[in-house]
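J.: One structure follows; several queries about it will come next.
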Amino acid sequence: MAAIQDINFEGKKVLVRVDFNVPLDENGTITDDTRMRRALPTLKHILDAGGSLIIMSHLGRPQKKKTAEGEIDVQRFTLKHLVDHLEELLELHVEFIDDPISSAAKEVCSSLQRGEIVLLENTRFHSGESSGDEELAKNFAALGDIYVNDAFGTAHRAHASTTTVAKFFTKEHKAFGFLMADELFNGNKMMTEAEQPVTAILGGAKVSDKIQLIENLMNFADNILIGGGMSYTFYKSLGYSVGNSICEDEFIPLATALLEKAASTNTKIYLPEDINAADKFDNDAATKIVSKDKIPANWQGLDIGPKTMEIYKDVLLNSKSILWNGPVGVFEMPSFAKGTNSLAESIAEATENGAYSLIGGGDSVSAIAEAGLTEKMSFISTGGGAMLELLEGKTLPGVAAIEV
Ligand code: AMP
């Protein structure tokens, strides 16, 4: 593979896969343009170096959310929603191509002049995108001279536009974009050369989603702070009653095995000492702070308690490297967001004191943004699922396809 800095883009048509999978409201207005902004350094670099841009991305899951007639919901998932904002961000005209595999698309792309930009329609409008179809990938590839992949958020998918397409470019003609390179650098740094002590905070709904991560963390983390819904499967494995808390009974033996394994490594797993329990899954529920083994029958744990917040804060302030993946409570409800917010503040404070913090995408990123702490973190990933797989020690297909 080539490094983007070393490629001569002068007069070249550059096919760039970005992750413009931004959230839209019901009117098709972008509610958070972070992913578009994070791709700008790559797009501007290519334009400044004399190239033209053929930009492609997916948006949402159009194949899974078809209309009542079984058709693609073009109105809802079209990338046309993004054209005006992309023009504002780049301060340049953007031509939209609604059928990237038509002869008209080929014609427009082949006559692109330096500095010109086209945006292709949603790659997932083609059923072959998700299956990594060769024919579709070949059609995408035919549009450009060089392929740049800056879509870290979909790097864990072996799709036509993220992986198969790279086959059709020689190694001198394909590269990671700056965002992709940055994400990989930060994820790999955490796994291989993070300054110790390394602390990972794991939250979210289910332990089953995080098993591989916990196992791989035991190779490099000193502390794992557990929170959120997965705590209760661990509690039950220790014989505590968890009331109506979310719990994956089938994973109890695995939770036991993970705790046993940790005991034989240098990794210390912390479980919450106290819990904010509620009498129902509702922001206005009656609540009480209870000790970890005292969740009343018919009540459910929806957040960590104040004692746990203090213990976790102390661990974080004594850490040199911090990884965060998943909220430690039902943070969408203000009554159960305190634990998640307090952790965000503790990580910000630790970072201010010199620790390196990597926020692993998804809900943790929203929680940090809501708390106004985004600027205080060392690196915030744009790809929840992709960062999770990277930190699990897996090879990401979109990465491997460029690296060959
Ligand atoms: P994940 O996608 O696995 O990171 O899970 C995020 C979701 O976990 C959020 O929507 C939270 O509301 C949810 N969550 C966190 N803690 C709990 C809990 N104690 N009970 C139920 N859901 C939780």
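The values are calculated or read from the model by the stated rules, or taken from the named source; none is laboratory data. Bear in mind that the values here come from a model prediction, so they are computed numbers and not experimental data. Using ideal geometry, Cβ is built from the backbone for each residue, glycine included, and neighbour counts are taken over all protein chains shown. Surface areas here come from the heavy atoms of the whole protein model, side chains and all, with no ligands, DNA or RNA. Shrake-Rupley method; radii C 1.70, N 1.55, O 1.52, S 1.80 Å.
J.: Using a basic spin-label model with each label point 7 Å from the Cα along Cα→Cβ, how many nm lie between His85 and Ala286?
T.: 4.4
J.: With runs of 4+ DSSP H residues as the only contributors, calculate the mean residue ellipticity of the chain at 222 nm using -39,500 (n - 2.57) per run, divided by the residue total and rounded to the nearest 500.
T.: One gets -9500 deg cm²/dmol as the mean residue ellipticity at 222 nm.
J.: Given N residues in the range 6-109, what is its alpha carbon radius of gyration divided by 2.2 N^0.38 Å?
T.: Ratio of Cα Rg to 2.2 N^0.38 Å: 1.16.
J.: Around Thr31, what is the net charge, scoring Lys/Arg as +1 and Asp/Glu as -1 over all other residues with Cβ under 14 Å from its Cβ?
T.: Neighbourhood net charge equals -3.
J.: Whole percent per 5 Å bin, from 0 to the bin with the longest distance: what is P(r) over all C-alpha pairs of the range 354-404?
T.: For the range 354-404, the pair-distance distribution reads 5, 19, 24, 20, 14, 10, 6, 2, 0.
J.: Now, a different point. How big is the Cα convex hull of the range 101-242 in projection, averaged over all directions, in nm²?
T.: If you wrap the Cα atoms of the range 101-242 in a convex hull and average its projections, you get 12.4 nm².
J.: Compute the distribution of all C-alpha to C-alpha distances in the chain, in bins of 20 Å from 0, and list the percent of pairs in each, rounded to whole numbers.
T.: 26, 50, 22, 1
J.: Moving on to the next point. Once the other residues with Cβ under 14 Å from the Cβ of Ile117 are scored (Lys, Arg +1; Asp, Glu -1), what is the net sum?
T.: -3
J.: If all Cα-Cα distances of the range 86-156 are sorted into 5 Å bins from 0 onward, what percent lands in each bin, rounded to whole numbers?
T.: 3, 13, 23, 27, 21, 10, 3, 0
J.: Shifting gears a bit: Leaving out ligands, DNA and RNA but keeping every protein chain, what accessible area does Asp284 have, in Å² rounded to the nearest 10, with a 1.4 Å probe?
T.: We get 130 Å² for Asp284.
J.: Can you give me the % of accessible surface on the chain that is carbon or sulfur? Probe 1.4 Å, all protein chains present, nothing else counted.
T.: Ligands and nucleic acids excluded, carbon and sulfur reach 46 percent.
J.: Placing one identical point scatterer on every Cα of the range 184-391 and ignoring solvent, what is log10 I(q)/I(0) from the Debye formula at q = 0.09, 0.15 Å⁻¹?
T.: Normalising to I(0) and taking log10 leaves -0.30, -0.87.
J.: Let me ask something additional. Tell me which residues come under 5 Å, amide H to amide H, from Asn318 once H is placed; ignore anything under 5 positions away on its chain.
T.: Placed amide hydrogens put nothing under 5 Å from Asn318.
J.: Between the range 213-240 and the range 162-212, what's the alpha-carbon centroid distance in Å?
T.: Going from one Cα centre to the other spans 22 Å.
J.: A follow-up question, please. Could you provide, to the nearest whole Å², the per residue accessible area of the range 1-40 with probe 1.4 Å?
T.: 49
J.: Kindly give the semi-axes, whole Å and largest first, of the ellipsoid equivalent to the range 297-357, taking each as the square root of 5 times a Cα gyration tensor eigenvalue.
T.: Numbers: eigenvalues 114, 25, 16 Å².
So the equivalent ellipsoid measures 24, 11, 9 Å along its semi-axes.
J.: How about Lys64: which aspartates and glutamates have a C-alpha closer than 15 Å to its C-alpha, ignoring those fewer than 8 places off in the same chain?
T.: Output for Lys64: Asp73, Glu129.
J.: Keeping all protein chains in the complex and leaving out DNA, RNA and ligands, what accessible area do you get for Ser378 with a 1.4 Å probe, in Å² to the nearest 10?
T.: Roll a 1.4 Å probe over it and Ser378 shows about 60 Å².
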